[in-house]
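Values in this text are rule-based calculations from the coordinates and carry no lab data. Only a predicted model underlies this, so the values are computations on that prediction, with no experimental measurement involved. No Cβ is skipped: glycine too gets one built from the backbone with ideal geometry, and neighbour counts run over all protein chains shown.
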Ligand SMILES: [Zn+2]
């Protein structure tokens, strides 16, 4: 049985992650969504139509993994089915963030994904980030594309849309979104402003991957 204080604590963490996401410019207006697994059957997710910078802990929506909405106070994000499918695909995933960070999104629009050998930190956290083809937001086509990657990566780029990241908890999922955007920004500066990037050698990549 989930206690009210536990749910309130997770809701407060989602508010905090939403503020960081908004302040860093990863979302505009009401874009993006955040969720956290509470137990094997239940998640807490952001409501639809609310800016991630101005979330209210009491406005989060409790949902069962089968899609039953428990909370009556607000409607869940229209990307709720995508979140549920990701949790069902990998039981070790504890939280998911979805945003439209400008540099990562721009790479995806241009048809590129992250170079996986630019920075040690991004090698360790991001591994390979697939660029998935465009799918209409809120449709089953989006999770259909993401689910095959849920076991082997922590992040995906969505062409002409944005990025989805996940992790063991909210901070972990958000840090992956932050690392993704930081790496995309540095990659764009090197490859498109400076016009040159040196890669970490294959030998050093092996050392990093252990
Ligand atoms: Zn989106």
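Plugging the Kirkwood radius over Cα pairs into Stokes-Einstein for the chain, at a temperature of 25 °C and a viscosity of 0.890 mPa s, what D comes out in µm²/s?
For these conditions, the coefficient is 141 µm²/s.
Run the helix sum for the chain: -39,500 (n - 2.57) per DSSP H stretch of 4+ residues, divided by residue count, reported at 222 nm to the nearest 500 deg cm²/dmol.
Counting only the DSSP helices, I get -11500 deg cm²/dmol.
Residue 201 to residue 121: FRET efficiency via 1/(1 + (r/R0)^6), r the Cβ-Cβ distance, R0 22 Å, to the nearest 0.05?
Computed FRET efficiency for residue 201 and residue 121: 0.85.
What angle do you read, to the nearest 10 degrees and between 0 and 90, between the alpha-carbon axis of helix 4-23 and the longest principal axis of the chain?
Compared with the principal axis, the helix lies near 40 degrees.
Of all alpha-carbon pairs in the range 92-157, indicate the percentage at a distance above 18 angstrom.
Summing the P(r) tail past 18 Å for the range 92-157 gives 40 percent.
Which of the peptides 116-122, 53-59, 12-18 is most tightly packed, and how do the rest follow, judged by the mean count of other Cβ atoms within 10 Å per residue?
Descending packing order for the listed peptides: 12-18, 116-122, 53-59.
Where the Cα atoms of the range 73-125 are projected onto their three principal axes, how long is each span, largest first, in whole Å?
Sorted from largest, the Cα extents of the range 73-125 read 44, 26, 18 Å.
Once you place label points 7 Å from the Cα toward the Cβ at residue 89 and residue 41, how far apart are they in nm?
2.5 nm
For the chain, find the longest principal axis of its Cα atoms and tell me its angle to the long axis of helix 170-188, 0 to 90°, nearest 10.
30 degrees
What does the convex hull of the alpha-carbon atoms of the range 79-192 project to on average, in nm²?
Average of the hull's projected areas for the range 79-192 equals 6.1 nm².
Go from 0 up to the bin containing the longest alpha carbon distance in the range 1-73, width 5 Å each, and give me the % of pairs per bin.
All Cα pairs considered, the percentages come to 3, 18, 29, 24, 15, 8, 2, 0.
Rg and Dmax in Å for the range 26-106, alpha carbons only: what are they?
When restricted to the Cα atoms of the range 26-106, Rg and Dmax are 12.5, 37 Å.
Would you mind calculating the gained length between residue 134 and residue 72 on full extension (0.36 nm times residue separation, minus the Cα-Cα distance), in nm to one decimal?
Working it through step by step, the gained length comes to 19.1 nm.
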